[in-house]
Amino acid sequence: MTHYYCSTFSKDYIYKGLVLYNSLQKYDQDFHFFFICLEDEVKYLLEKMELSNATLISMKDIENEDWELANVKGTRTDKEYIWTSKASIMLYLLNHFSELDHIVWLDGDTAFVSDPQPIFDEWDKYSIFLTEEQYKGRYEKLSKVYGVYNTGFMGFNRDQNALQCLKWFREKLIEWCFDKPEEGRWSDQMYVIDWITRFKNVGVAGNIGINANPFIISHRTVTAADDHIYINEDRLILFHYYGFKYFNRNEFDLCAHGHHPTDQVIQRIFVPYIQACNEVMDFISCIDKDFYNKQTTIGKYIKNYFNLESNINGTCDKYNFCTIVNKMDLSKVLEFYKSLRTHANGFRLWICCLDNRSYRILDKKELENVILLDVKNIENQNLLNIKNAREASEYRWTLKAPLLYYILNNNYDIRNLIYADPDVRFVSDVKNVLQKWGKSAVFIWETEFDQDTQLEYGNNVTSLIGVKRKKKFLKRWMKQWINGSSGLN
């Protein structure tokens with residue numbers, strides 16, 4: 001039996017759509033995918049690819065038959081308009097393609113990781129098939145804001161119950177569909193909250209591996225066996241990578257919504273997705289090298305920063321250092337870098353730039369084994385709240401612990417990280433400095449001072465700090481540091 005899927009794609013999302021399509025080619029033996037193209041250039045790109053199991057439809061074709069939908073387009077963002085158009089699209093497909101006995105809506109940032117047949121086995125004869133958000137326990141209150149069901153997956157059979165539901169859904173979406181909670185509404189999801197009682201023959205997936213997401217897996221056990229991934233006892237089938245952002249081949253935000261994936265989840269679920277995104281980006285570039293402009297991380301806050309190269313190329317044996325610089329420190333940091341090249345047998349240096357000038361100058365130099373970060377990548381709301389209340393030098397001190405945490409949090413292959421002020425120099429082998437560290441979570445290299453200096457500043461000056469990757473400790477220590485107490489002296 002052929003499985004029929006659909007989704008809508010803007011230019012920003014089409015690479016994700018192709019990853020989804022490729023996942024179906026890998027795992028679904030008999031499928032057809034309807035690409036609804038929000039812009040003409042998306043359709044032109046896909047036409048050049050000659051996709052064998054796909055039908056390409058311009059959003060204009062749907063708007064020509066649904067003038068009420070077209071009339072609200074200018075009032076909504078691309079994301080909001082895609083939500084708004086879901087029911088209109090599925091009605092259009094059912095009206096124009098008689099062979100469809102069902103249709104599955106998939107959000108563009110989903111991808112299959114195993115055979116989807118269990119979805120259809122469980123769906124069976126339900127008119128409508130949904131998946132839950134899994135807001136339970138202390139999170140249950142979120143259901144009143146964001147809904148009970150995640151509409152990144154919705155299945156509709158061609159019967160009277162489903163058609164009645166889609167027509168009602170279409171009217172509601174055109175009436176109101178925005179990315180803001182308001183009077184019991186949010187996006188398209190709050191409209192679905194009572195479908196179990198409002199419409200007949202509605203089923204809800206019991207398998208949490210269908211349309212799982214970063215929130216769902218954050219509260220459950222993830223394991224791997226027999227080339228499959230399991231969430232508790234359920235095999236993972238479809239994963240929803242919501243909040244995932246692609247910046248370049250190496251830098252990503254795993255989940256901008258804030259759910260922090262475990263190392264195991266990153267390795268087994270996110271890294272394959274990232275690699276699939278890179279393959280698609282390469283394919284798109286071969287078709288149209290100018291389709292995507294080069295992305296930069298400058299000026300962008302990245303909630304769950306992940307650097308692919310630092311985690312998959314066997315870098316765990318390298319010495320990892322980080323520092324914070326401004327445009328006045330450029331000569332200092334270059335000398336520091338030079339000392340590492342001379343005295344560290346394998347290293348990586350992460351440089352956090354406090355201004356655009358220092359970032360751009362260092363970027364142009366293309367220094368080997370250097371990763372540049374913009375301070376704005378790191379600055380969450382807590383840091384921004386205290387930024388104006390502290391002197392520039394004080395704020396720079398404040399950033400040390402957040403920078404260490406930021407780099408270590410998701411980059412699972414970095415076991416130890418050393419912060420060094422840019423005026424630090426190594427004059428002998430780096431391993432000599434590390435011999436005293438031992439098993440401590442944090443190590444501060446002592447510096448000898450006169451008695452008065454010791455009384456004022458203590459024995460430990462944090463120009464050289466070593467931190468091991470112990471995530472719970474790091475988070476607690478970072479909070480203490482931001483609040484003005486490093487807990488080191």
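The values are calculated or read from the model by the stated rules, or taken from the named source; none is laboratory data. Small disclaimer: the values here were computed from a predicted structure and weren't measured. Neighbour counts are summed over all protein chains in view; Cβ atoms, including those assigned to glycine, are modelled from backbone coordinates with ideal geometry.
Conditions (1) surrounded by fewer than 11 Cβ atoms within 10 Å (Cβ to Cβ); (2) outside the structural domain of residue 321 (by TED's automatic domain parsing); (3) modelled with pLDDT of 65 or more; (4) in contact with a Gly (Cβ under 7 Å, 6 or more places away or on another chain), marked per residue:
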position: 436; (1), (2), (3), (4): no, no, yes, no
position: 441; (1), (2), (3), (4): no, no, yes, no
position: 454; (1), (2), (3), (4): no, no, no, no
position: 467; (1), (2), (3), (4): no, no, yes, no
position: 488; (1), (2), (3), (4): no, yes, no, no
(request) Check region 51-59 and report whether any residue there is among the β-branched types (Val, Ile, Thr) and either modelled with pLDDT under 95 or in contact with a Pro (Cβ under 9 Å, 6 or more places away or on another chain) (or both). (result) no
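Looking at region 220-237, which of its residues are touching a residue at least 60 places away in the same chain (Cβ under 8 Å) and either part of a loop (DSSP other than H, G, I, E, B) or on the phi > 0 side of the Ramachandran plot (or both)?
The initial filter retains those residues of region 220-237 that are touching a residue at least 60 places away in the same chain (Cβ under 8 Å), namely 228-229, 235-237.
Correct list: 236, 237.
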(request) Return yes when residue 41 is farther than 18 Å from residue 90 by Cα, of a type in the set (Asp, Glu), part of a helix (DSSP H, G or I) and touching a strand residue (DSSP E or B) at 6+ places or on another chain (Cβ under 9 Å) and no when it is not. (result) no
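Look through region 244-256, keep the residues that are touching a helix residue (DSSP H, G or I) at 6+ places or on another chain (Cβ under 7 Å) and in a loop (DSSP other than H, G, I, E, B), and return whichever of them is farthest from residue 303 (Cα to Cα).
To start, the set of residues in region 244-256 that are touching a helix residue (DSSP H, G or I) at 6+ places or on another chain (Cβ under 7 Å) comprises 246, 249-250, 252, 254-255.
From what's left, in a loop (DSSP other than H, G, I, E, B): 249-250, 254-255.
Details: 249: 18, 250: 15, 254: 8, 255: 7 Å.
Only one residue tops the list, namely 249.
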(request) Answer yes or no: is there a residue in region 65-82 that is under 16 Å from residue 106 (Cβ atoms) and out of contact with any His (no Cβ under 9 Å at 6 or more places or on another chain). (result) yes
(message) When you scan region 332-341, do you find a residue that is within 21 Å of residue 474 (Cα to Cα), of a type in the set (A, V, I, L, M), surrounded by 20 or more Cβ atoms within 10 Å (Cβ to Cβ) and out of contact with any helix residue (DSSP H, G or I) (no Cβ under 7 Å at 6 or more places or on another chain), even just one?
(response) no
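Confirm whether residue 271 is touching a Phe, Trp or Tyr at 6+ places or on another chain (Cβ under 7 Å), in a helix (DSSP H, G or I), surrounded by 13 or more Cβ atoms within 10 Å (Cβ to Cβ) and touching a residue at least 24 places away in the same chain (Cβ under 8 Å).
Working: touching a Phe, Trp or Tyr at 6+ places or on another chain (Cβ under 7 Å): no; in a helix (DSSP H, G or I): yes; surrounded by 13 or more Cβ atoms within 10 Å (Cβ to Cβ): yes; touching a residue at least 24 places away in the same chain (Cβ under 8 Å): yes.
So residue 271 fails the test.
Looking at 125, 172, 167, 180, can you tell me which residue is outside any helix (DSSP H, G or I), more than 27 Å from the chain's Cα centre (by Cα) and surrounded by fewer than 20 Cβ atoms within 10 Å (Cβ to Cβ)? Outline the logic, then answer.
On the way: 172 fails: outside any helix (DSSP H, G or I); 167 fails: outside any helix (DSSP H, G or I); 180 fails: more than 27 Å from the chain's Cα centre (by Cα).
Going through 125, 172, 167, 180 in turn, the sole match is 125.
Is it the case, given these coordinates, that residue 461 is at pLDDT 85 or above and at negative phi?
Details: at pLDDT 85 or above: no; at negative phi: yes.
Criteria not met by residue 461.
Would it be correct to say that residue 412 is at pLDDT 95 or above, closer than 20 Å to residue 310 by Cα, not aliphatic (A, V, I, L, M) and not assigned by TED's automatic domain parsing to the domain that holds residue 255? Steps first, answer last, please.
Values: at pLDDT 95 or above: no; closer than 20 Å to residue 310 by Cα: yes; not aliphatic (A, V, I, L, M): yes; not assigned by TED's automatic domain parsing to the domain that holds residue 255: yes.
Considered against the rule, which asks whether it is at pLDDT 95 or above, closer than 20 Å to residue 310 by Cα, not aliphatic (A, V, I, L, M) and not assigned by TED's automatic domain parsing to the domain that holds residue 255, residue 412 comes out as no.
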(request) Could you check how many residues of region 276-308 are hydrophobic (A, V, I, L, M, F, W, C) and in contact with a strand residue (DSSP E or B) (Cβ under 6 Å, 6 or more places away or on another chain)? (result) 4
(message) I'd like the residue in region 268-296 that is polar (S, T, N, Q) and modelled with pLDDT of 95 or more and, out of all such residues, is farthest from residue 240 (Cα to Cα).
(response) 285
